Every structure is written in C-alpha cells, then in structure tokens.
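In what follows, a structure is listed as structure tokens, so that the remarks can point back to it.
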Amino acid sequence: MRVALPGWLESNNHDRRAQRKLVVIAASLLLSGCGKYGDFTLPEPAQPPVEPVFEWGPLPEPVLRHGAPGDWDGVDALNPSVVVKEGVYYNFYSGYDGRRWRTGLAISADGMNWQKQGVVLEPDPSSWEGDYIAANGSALLVAGEFYYWYQAGQPPRIGLATSRDGRSWRKRPAPVLGGGPRGAWDERGVGDPCVIRLGKRFYLFYLGQDRARRQRLGIACSDDGVRWVKLRSNPILELGEPGTFDENGLGEPAVWCSHGWYWMLYTGRDRRERRRLGLARSRDGVHWQRVSARPVLDALRPWASHVICDPSVLEQHDGMRVWFGGGDRAHPAENINGQIGLALVRFAARTGTSP
C-alpha cells in the first residue's frame, strides 16, 4: 500500500526535521488503518445444528429499478442493505450515474414496493474518500440509531457513518478499517462490509484483495464498531476450485445465524465475470464450509441474466427475505444495467449435520 504524501514535502525549502516528523505521522496513520490482529471465534449458536432445505422463490421482476438516464442512479441501482425500524423498511442502496457512486435511501411498508428518497451520502473529495463512496455498504440498528459501514477511497477502505433518521448522516473523519501490511491477504484494500452484532460485540465480514488481485473474505471484531481487531488467520473463505462459479473472486458477504449454524451468502465471480450467489456455513464464524459447489441463486432472465450479487438478508417468522442486485451485462463492478430484486426463502429443517 502506498501513502500519498503532500507534494510540498518534497520541497527543499522546508526543514528536514518537519519532513521526518510528518512522514512518521503518515506511517503511523497507515499502520492504525491496517488494524490490530487477534484470535477469536463467534459464540456457539444456541440451537443444535440441523440441516435446513432452502426453497428459493425469487420474484420475476426487480422491486427497485434504476433511474432514468441522467439520474444519480440512472445506470445502476445495486448493493441493497435493508433494515426495519418501527415497521418501516429502510433500503440503503448504491446508485451509479456513469461517473460516480452515491448512497441513496428507499423506504417501504412491505419490502416490495419502494419509494425512493434520494441521495443520503456523497463522496467528499477533500477527505480520504476521494471521489468514490459506498459502492457497498452495511446498515445496522444500534440502540435506535442507524450505523452504516461503507466502502470508499483508493485504495478502498471502510468508513462509518451514523444517523438518527436515515437521511442526515455524521461520518467519522477517518476510515475504521484499512488494508493489511505488505504481503498480507488484504494488502491492496478492503471493502464489501457486512456487520452483525452478537451481544455487545460487532463482527465485520469483509472482502480483502492481495497483491495478485485475489479477492477473498475475512473477519474482524470490535466492541464499538470503530476499533477493529482482524482475525490473525484470515482469510476465512478461499476462492473456489478451477471451473466453479466462484473461482475468480469472492465478495459481498451477508451473514446470519439460524438452525444452529452461521450462514453466509456471498457473491462468486467466474472467469467470464458472471456473478452468482453461493452459500457457506460455520459453527464458529471462522471455519467455513461451502454448502454446495454450485450457486444457490443463478441467472434470472432477462433482467438478471449475467449478474446476481449484493445479498441483504432479513429473517422473518415465515423464512427469509433476500434482496440482491442483478444485471444483464457481465462486468466485475458497474455498467451492468443493475437493479434490485427480492427472493422469498422458506426452509424445512431435518435433524443431522451431514452436508
């Protein structure tokens, strides 16, 4: 990872001691962005493990479409992160206009019929974010307040913003998680945050990219959502075997606990840059096993024929709702004619732990 020092530091007109002091400050900030390291696991699920059968029921059409040409979300509407507050569904999603990503808000009474509220988070070019913010984000309710971890900057890092109403936000001035040191699995950047809270502890699942541009998944923990400890043995999920749907990259995890397991939906990329959703499970949140070598949610024609990505999971009494991004063009990031869909997932459980 490179640190871009201000150009005036290279001038011969300034005192060398001041230069050395600023370089030390910059280096210390870099190290603080990388985070601390430790060994931990998630609490063992309270329920005994059972083997649920997931029955996927994706709706045939998007529930949130991208805007008209020229709108802030006129090219892509992706990356849903849905939470419910006082009976209202809040969907914090990313919009792309062909030049810049922003985060917007849509609200709904039922999770299917959405009313767009406009942009709520913009990139700040004068800050660490630069001109890039929130291609991916993770919203969570904490004591009635919205916490939103988001991806921004180059190299990508993870920031945190908070809000009482979901519309007016306060950003922390510095990223809360950055890439690792030279040679680390996440040396080139981190992103795609998914945060869950168990008791008083936060767990952050995230994408990391190494020098070879391999994208895999890792985890960090925190007591306040700001100061994070990365798992020393990261990554927790490796690339798929050659020829599989997730051989070329992993990202966008969504994690929840049910039926005695931690479950993770994630986006897998193949060699042709098609993206589909995979499923893994774990008893401790650290050691993960793929449920299948095949995707659990594949192409939906015509609107999501090439890309299904960005899952956001909400458990309900009759199963789960999974919002996801979809597109009809294959690309690793954007310009996919992206829109947001919904799958209604029901499950029947049978005892036993064998896959």
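Since every read-out is calculated from the coordinates, none of them should be taken as a lab result. Remember, it's a predicted structure, so these values are computed and weren't measured experimentally. Counting neighbours? That spans all protein chains shown, and the Cβs are built from the backbone with ideal geometry, glycine included.
How much FRET efficiency would the formula 1/(1 + (r/R0)^6) give for Ala68 and Trp128, where r is the Cβ-Cβ distance and R0 is 25 Å, rounded to 0.05? The formula returns an efficiency of 0.20 here. Listed values for region 248-257 are Karplus-derived 3J(HN,Hα) couplings in whole Hz (6.51 cos²θ - 1.76 cosθ + 1.60, θ = phi - 60°), namely 9, x, 10, x, 6, x, 9, 10, 8, 10, and x replaces Gly and Pro. When Rg and the Kirkwood Rh are both derived from Cα coordinates, the Rg/Rh ratio for region 90-183 amounts to 0.99.
Each residue in Ser292, Ser126 was given a count of other beta-carbon atoms within 10 angstrom of its own, and listing them fewest first yields Ser126, Ser292. Neighbour counts of C-beta atoms inside 10 Å place Val190, Val296 in the sequence Val296, Val190, starting with the fewest.
Other residues whose C-beta falls under 9 angstrom from the C-beta of Leu121 contribute a net charge of +1, scoring Lys and Arg +1 and Asp and Glu -1. Between Arg164 and Arg271, the modelled labels are 5.6 nm apart [label points 7 Å from Cα along Cα→Cβ].
A Förster distance of 30 Å, applied to the separation of the beta-carbon atoms of Arg294 and Ala46, puts the FRET efficiency at 0.50. Across region 151-168, rounded Karplus estimates of 3J(HN,Hα) from the backbone phi angles (6.51 cos²θ - 1.76 cosθ + 1.60, θ = phi - 60°) give 9, 7, x, 9, x, x, 9, 10, x, 9, 10, 10, 7, 8, 10, x, 10, 9 Hz, Gly and Pro being marked x. Length available on full extension from Asp223 to Leu314: 0.36 nm per residue minus the Cα-Cα distance, which gives 30.4 nm.
Region 92-118 and region 159-218 have Cα centres separated by 21 Å. Peptides 136-143, 72-79 ranked from most to least packed by the mean count of surrounding Cβ atoms within 10 Å: 72-79, 136-143. Under a 10 Å cutoff between Cα atoms, tell me which one of Ser81, Ser282, Ser108 has the largest fluctuation in the Gaussian network model of the chain. In this elastic network of the chain, the residue with the biggest mean-square fluctuation among Ser81, Ser282, Ser108 is Ser108.
Here region 35-61 is scanned for amide nitrogen atoms under 12 Å from the site 7 Å beyond the Cα of His259 along Cα-to-Cβ, giving 49-56.
Here the simple spin-label model places points 7 Å from the Cα toward Cβ, and for Tyr37 and Glu86 these points are separated by 4.6 nm. Enclosing the Cα atoms of the chain in their convex hull gives a volume equal to 144 cubic angstrom per residue.
Footprinting exposure proxy ranking of Val345, Val53, Val195, fewest other C-beta atoms within 10 angstrom first, gives Val53, Val345, Val195. Put simply, the amide H of Ser305, placed in the peptide plane, has neighbours under 5 Å in Leu300, Gly327, Asp328, leaving out anything fewer than 5 places away on its chain. Restricting attention to the chain, lysine pairs at least eight places apart or on different chains and with alpha-carbon atoms under 24 angstrom apart total 11.
Comparing Phe54, Phe92, Phe205, which has the greatest mean-square fluctuation in the GNM of the chain with Cα pairs linked when under 10 Å apart? Highest fluctuation among the options: Phe54. Here the spin labels are modelled as points 7 Å beyond Cα on the Cα-Cβ line, and at Leu198 and Glu61 they lie 4.1 nm apart.
For Gln215, the residues 5 or more places off, or on other chains, whose built amide H falls under 5 Å of its own are Leu250.
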